[in-house]
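The values are calculated or read from the model by the stated rules, or taken from the named source; none is laboratory data. Here the structure is a predicted model, which means the values were calculated and not measured. Neighbour counts are summed over all protein chains in view; Cβ atoms, including those assigned to glycine, are modelled from backbone coordinates with ideal geometry.
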Amino acid sequence: MQDCKILAHRGASAYAPENTLEAFRLAVQQHADGLEIDIHLTKDGEIVVIHDDTIDRTSDGKGDIMAYTLAELKAFRFNKGFEEQYPEAQIPTLREVLELVKEHDLYLNIEVKDILSKSELYNGLGKEAAKLVEEYGLSGQVIFSSFNHSSMVRLKESCPEMRTALLYIAGLYEGGKYAQMTGADALHPLYIGVNRELVEEAHAAGVQVNAWTVNDLEHIRMMLEAGVDAIITDRPDVCYPLREVNA
Ligand code: G3P
Ligand code: MG
């Protein structure tokens, strides 16, 4: 039907601890074309891959990420819910993920967690991450995203070669044109608001549409029919056969 990429949301996170190298490697085995990851900053300024701004939900520790150095964070196990299968899972750095991306020639969506209260603290996070992406020669296969649209505007201004995307949950008025005005390359909507009309409007503005987080058969089919450019999923193994049938 179209060339729709499969991006593993926090890795193959339905089957392995989210945002760990274990989940990313499993995504590769499940034929994902790329990964979606979330990034935060440690106390000593390292960029780490984790969704929440605390380690409570996903590790055997407690507290804010910003309260720990990288070395301290590495001592925790980030395997909540998967303790037996993945006893050693750690928090990865962005560097470790970029190495994996390079090794397997993957696409990578880096979601910068610089929303609201974090915005001042995390002002330079996107730019610092972009420097690393450039260092690894991966600009062509990376797209940054954030719910903080002004941070994506700033990132595009300082690194025009870096691709950016606007995350959102509900509808946007003329989303394609809005993305174009902000210099963004893609819209990243929650899948519920996605239909063919939205995708066509975005494509007419030269903007891609990558929908999240699409996990069940019915909604994966709907997204393929709507013509999205990528599906962000916890279950690449479910997405892959459907995409192949529709190709
Ligand atoms: O990037 C898509 C999706 O990850 C956005 O929401 O909360 O899962 O990071 P969240
Ligand atoms: Mg995310």
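In this structure, is LEU121 of a type in the set (A, V, I, L, M, F, W, C), over 21 Å from GLU161 (Cα atoms) and assigned to a helix (DSSP H, G or I)? Answer is no for this residue. Scanning segment 49-69 for residues that are more than 19 Å from the chain's Cα centre (by Cα) and either free of Cβ contacts under 8 Å to residues at least 40 places away in the same chain or under 23 Å from GLU99 (Cα atoms) (or both) yields ASP56, SER59, ASP60, GLY61, LYS62, GLY63, ASP64, ALA67, TYR68, THR69. Scanning segment 91-115 for residues that are of a type in the set (Asp, Glu), in contact with a helix residue (DSSP H, G or I) (Cβ under 8 Å, 6 or more places away or on another chain) and within 16 Å of GLU18 (Cβ to Cβ) turns up just one, GLU96.
Between a residue in segment 147-159 that is surrounded by fewer than 19 Cβ atoms within 10 Å (Cβ to Cβ) and any residue that is of a type in the set (D, E, K, R), which pairs come within a Cβ distance under 6 Å, given they are 6 or more apart or on different chains? As it stands, the answer is SER158/LYS127, since those pairs meet every condition given. Of the residues making up segment 112-163, just one is of a type in the set (A, V, I, L, M, F, W, C) and on the phi > 0 side of the Ramachandran plot, namely LEU116. Within the group THR233, THR164, which residue is free of Cβ contacts under 8 Å to residues at least 40 places away in the same chain, within 16 Å of ligand 2 (Cβ to nearest atom) and under 15 Å from the mean Cα position of the chain (by Cα)? None of the other options fit; the residue is THR164. In the set GLU72, GLU46, only one residue is away from ligand 2 (no atom under 16 Å from the Cβ), surrounded by fewer than 21 Cβ atoms within 10 Å (Cβ to Cβ), over 23 Å from ASP234 (Cα atoms) and within 21 Å of the chain's Cα centre (by Cα); that residue is GLU46. Only a single item in (1) more than 16 Å from ligand 2 (Cβ to nearest atom); (2) loosely packed, with under 15 Cβ neighbours inside 10 Å is not met by ILE169, and it is number (1). All told, ASP53 meets the bar of being at pLDDT below 95 and among the acidic types (Asp, Glu). Filtered by the rule that a residue be farther than 17 Å from ASN109 by Cβ, in contact with a Gly (Cβ under 9 Å, 6 or more places away or on another chain) and of a type outside the set (A, V, I, L, M, F, W, C), segment 26-57 gives THR54, ASP56. Here is the figure for segment 122-144: residues that are within 16 Å of ligand 2 (Cβ to nearest atom) and in contact with a helix residue (DSSP H, G or I) (Cβ under 7 Å, 6 or more places away or on another chain) total 4.
For segment 134-154, residues that are within 16 Å of ligand 1 (Cβ to nearest atom) and farther than 15 Å from LEU167 by Cβ total 1. Hey, any hits in segment 87-104 for a residue that's among the β-branched types (Val, Ile, Thr), surrounded by 14 or more Cβ atoms within 10 Å (Cβ to Cβ) and over 15 Å from the mean Cα position of the chain (by Cα)? Yes.
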